[in-house]
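The values are calculated or read from the model by the stated rules, or taken from the named source; none is laboratory data. What you see is a predicted model, and the numbers here were worked out from it, not measured in a lab. Note that each Cβ is placed from the backbone with ideal geometry, even for glycine, and that neighbours are counted across all protein chains shown. SASA here: full protein model, heavy atoms, side chains in, ligands and nucleic acids out. Shrake-Rupley method; radii C 1.70, N 1.55, O 1.52, S 1.80 Å.
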Amino acid sequence: MKTLVAIFAHPDDESFGIGGTLAKYAHEGISTHYVCATRGESGTVDPEMMQGYTSVAELRSTELECASRELGLAGVHYLDYRDSGMLGSEDNRHENSLFAAATDEVAQRIIRCIERLKPDVIITHDQFGGYGHPDHIKLNQATLRAYEMLYDIQLVTKEDEPTLTQPSIAIADGHAAISPAQTAIPRLYVTAFSRRFLRLAVRLLPLVGQDPRKFGRNKDIDLVQITSWFVPITAQLNVKPYIPHKERASACHLSQRPPTQQGSFITRLAFRRAQHLETFSRLYPPLKRSERMETDLFGA
Ligand SMILES: [Zn+2]
């Protein structure tokens with residue numbers, strides 16, 4: 001039986017972005033797990049949503065349990081860090097925040113999960129953290145570090161790490177021969193947005209009176225800046241049959257306002273249209289120059 005492990009920062013990252021992919025593999029008989037670094041403690045939650053819960057962490061863990069059932073996941077595993085919130089917020093400085101944790105230490109916790117679950121495929125955040133969330137960026141760095149520690153391969157150069165503007169993806173020239181001992185190294189993917197969809201959103205939002213530089217519930221997402229970040233799409237999955245699962249899983253995260261339930265009619269429609277295709281960038285095995293777009297993460 002094959003195993004897929006998604007490693008993301010918060011309850012909802014598994015559903016809003018790539019819920020179709022996780023549901024697809026889970027329903028095709030792949031043992032599909034979610035390693036979630038935090039319990040989303042810093043998420044904005046309307047007071048009325050808190051009824052019956054003693055903390056945001058408890059509420060969001062319950063939402064994740066619900067999403068996990070809808071997606072058909074085999075398990076949810078917490079790394080037990082605290083949500084750091086957006087860059088510059090008070091929560092960054094909390095002693096247990098993912099932001100404050102040393103990358104090597106986070107990598108060690110990821111290694112323990114990898115050793116236990118023995119995945120064939122791992123998915124994590126891209127090096128820009130999708131929309132720049134510091135927890136997403138830290139998990140990308142820690143997952144890559146875990147690979148380097150476990151398998152003695154280099155995925156990122158040290159100079160790349162502190163800067164967030166350079167793609168840290170190693171493209172092999174064909175000389176990266178894989179030794180027999182390395183054949184068990186899981187394939188590694190990061191999530192990748194469709195630039196076309198983003199550029200469309202940047203054009204459409206002003207028409208409905210929204211500033212694309214101040215997007216999202218907390219107005220702290222700069223879509224214009226995000227369109228300048230480059231993560232090459234190397235795999236494109238058609239998840240159309242699993243959109244109902246993704247939507248039901250996303251609806252579980254009601255406190256976080258699922259993307260299909262917020263914004264204007266136009267943004268909701270654009271989001272719905274875009275979500276049939278979920279896109280990824282493969283970091284390992286390294287890309288060959290002649291390689292075609294993948295339609296499966298297991299190399300089929
Ligand atoms: Zn997140």
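Details
- Scope region 272-300; condition polar (S, T, N, Q) and under 16 Å from residue 191 (Cα atoms); matching residues: 275, 279, 281, 295
- Annotation: of all residues in region 113-126 being among the hydrophobic types (A, V, I, L, M, F, W, C) and assigned to a helix (DSSP H, G or I), the one that is nearest to the ligand (Cβ to nearest atom) is 113.
- Members of region 238-250 that are in contact (Cβ under 8 Å) with a residue 12 or more places away in the chain and assigned to a helix (DSSP H, G or I): 240, 241, 242, 243, 245, 246, 247, 248, 249, 250
- Filtering region 127-142 to residues that are within 12 Å of the ligand (Cβ to nearest atom) and not in a helix (DSSP H, G or I) leaves only 133.
- Filter result for residue 8 (out of contact with any Lys or Arg (no Cβ under 9 Å at 6 or more places or on another chain) and of a type in the set (Phe, Trp, Tyr)): yes
- Candidate set from region 1-41 (those that are surrounded by 24 or more Cβ atoms within 10 Å (Cβ to Cβ) and of a type in the set (Ser, Thr, Tyr)); member that is farthest from the ligand (Cβ to nearest atom): 25
- Close pairs from region 48-62: first open to solvent by less than 70 Å² (accessible area, probe 1.4 Å), partner aliphatic (A, V, I, L, M), Cβ under 6 Å, at least 6 apart: 56/45
- Boolean, residue 95 is under 22 Å from residue 145 (Cα atoms), of a type in the set (Asp, Glu), open to solvent by 60 Å² or more (accessible area, probe 1.4 Å) and more than 14 Å from the ligand (Cβ to nearest atom): yes
- Residue within region 165-176 that is open to solvent by 70 Å² or more (accessible area, probe 1.4 Å), more than 16 Å from the ligand (Cβ to nearest atom), at pLDDT below 95 and touching a strand residue (DSSP E or B) at 6+ places or on another chain (Cβ under 7 Å) present: yes
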